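Laboratory data are not the source of any read-out in this text; all were calculated from the coordinates shown. For clarity, every value in this text was computed on a predicted model and none was experimentally measured. Positions of Cβ are generated from backbone atoms using ideal geometry, with glycine treated the same way; all protein chains shown enter the neighbour counts.
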Amino acid sequence: MIPFEMLEPKSLRDATALLDADDPTIRPLGGGTALMLMMKAGVFQPSRLVSLRSVEPRYSTITVNSDGSFNIGALAPLASLEHSADIHKHLPVITRTMQVLSNVRVRNVATIGGCLAHGDPHMDLPPVLISLGAKVRVIGPDSERTIPVADLLTGYYETQLAKNELIAELIIPPQNGKRSVYLKCTTRAAHDWPALGVAVSVAGNRDGLSEAHVVISAATERAQRVEQASALLVGPPANDKLFKDAGEAAASAVELIGDSQGSVPYKRQLVRVFVERALRQAIDGGITQ
Ligand SMILES: Cc1cc2nc3c(=O)[nH]c(=O)nc-3n(C[C@H](O)[C@H](O)[C@H](O)COP(=O)(O)OP(=O)(O)OC[C@H]3O[C@@H](n4cnc5c(N)ncnc54)[C@H](O)[C@@H]3O)c2cc1C
């Protein structure tokens, strides 16, 4: 391995100053689960890694606010979300998603910031977070901005983060009784990378929905909200015909990618089936919030 510099600043703001907006060989290091694999495979050769391990402890905490919203530090390991009683109570869809996200070794080390910044369309949490309306707070050397997770992801392994910006925290708004489901379709073991991810979040009941979010991932170049299916669901009686129509609308609307996990026609059929199934589970009370 070609030598590189490794720095470990004590504050997140200091970390941004050690990055370089114009140099892609300098990268922040969260849990390192993705970066290390890329380095071992030779697809990434750093000149400098900026470890975030020693930044302020507040960036590793999970805070639930009185209105049910959450602030989750970017350095929080995925396992801390998995085992959080507050997350389990208010956002059980996240607890359940964790149980099928890779394995305990990865979840113990990978961070929420790394999970969002990596931009891999196969990751399980981004579609769930988009369906919940989550945002990230991002800081640069002299700047700060808040970006919806839906807008953070711009393409295949691409985000709108500048090379000297860091995700500082994840903000999940109160769900106010909305029901959410994430279904992961794998062609191998249940916790493996998905061929398709479908996250739905709805407000209402079988008489009609006042809000609906349908998000597709893994089979697409980035996790994305499917507007056509989401809009169709709001208003009319929420019956099985409507869910089938939403599945059909989603299958027609999204641009799918064929790969070793399945062809485009196969994945289109998966979208039809899994969107319909996720909506039925959400409405019939499978998983609340
Ligand atoms: C074998 C294996 C299987 C996996 N399977 C799954 C799976 O099925 N589903 C799933 O969802 N995930 C899975 N993962 C985890 C996932 O793909 C990533 O490895 C993980 O989420 C990255 O988190 P990290 O903290 O380790 O990021 P790192 O590897 O540290 O970094 C990843 C990227 O994010 C950048 N970065 C890190 N932190 C920040 C920050 N705070 N702000 C800005 N940029 C930052 C880095 O510079 C790098 O570009 C798997 C991982 C492995 C190794």
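Among the residues of region 186-198, those that are under 13 Å from His122 (Cα atoms) and within 12 Å of the ligand (Cβ to nearest atom) comprise Thr186, His191, Asp192, Trp193, Pro194, Ala195, Gly197.
Within region 40-60, the residues that satisfy the criterion of being outside any strand (DSSP E or B) and surrounded by fewer than 18 Cβ atoms within 10 Å (Cβ to Cβ) are Lys40, Ala41, Gly42, Val43, Phe44, Gln45, Ser47, Arg53, Ser54, Glu56, Pro57, Arg58.
Take the conditions (1) more than 9 Å from the ligand (Cβ to nearest atom); (2) in contact (Cβ under 8 Å) with a residue 40 or more places away in the chain; Val43 misses just one of them, which is (2).
Applying a threshold of 7 Å to beta carbon distances and a minimum spacing of six or more residues, or different chains, the list of pairs starting in region 175-199 at a residue that is part of a strand (DSSP E or B) and ending at one that is of a type in the set (Phe, Trp, Tyr) and within 12 Å of the ligand (Cβ to nearest atom) reads Gly197/Tyr182; Ala199/Tyr182.
Residue by residue, here is whether (1) under 23 Å from Thr33 (Cα atoms); (2) within 10 Å of the ligand (Cβ to nearest atom) holds:
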site: Thr97; (1), (2): yes, yes
site: Arg105; (1), (2): yes, yes
site: Val109; (1), (2): yes, yes
site: Asp120; (1), (2): yes, yes
site: Arg137; (1), (2): yes, no
site: Asp142; (1), (2): no, no
site: Ala168; (1), (2): yes, yes
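Scanning region 8-40 for residues that are more than 22 Å from Asn108 (Cα to Cα) and either hydrophobic (A, V, I, L, M, F, W, C) or within 12 Å of the ligand (Cβ to nearest atom) (or both) yields Ala15, Thr16, Ala17, Leu18, Leu19, Ala21, Pro24, Thr25, Ile26.
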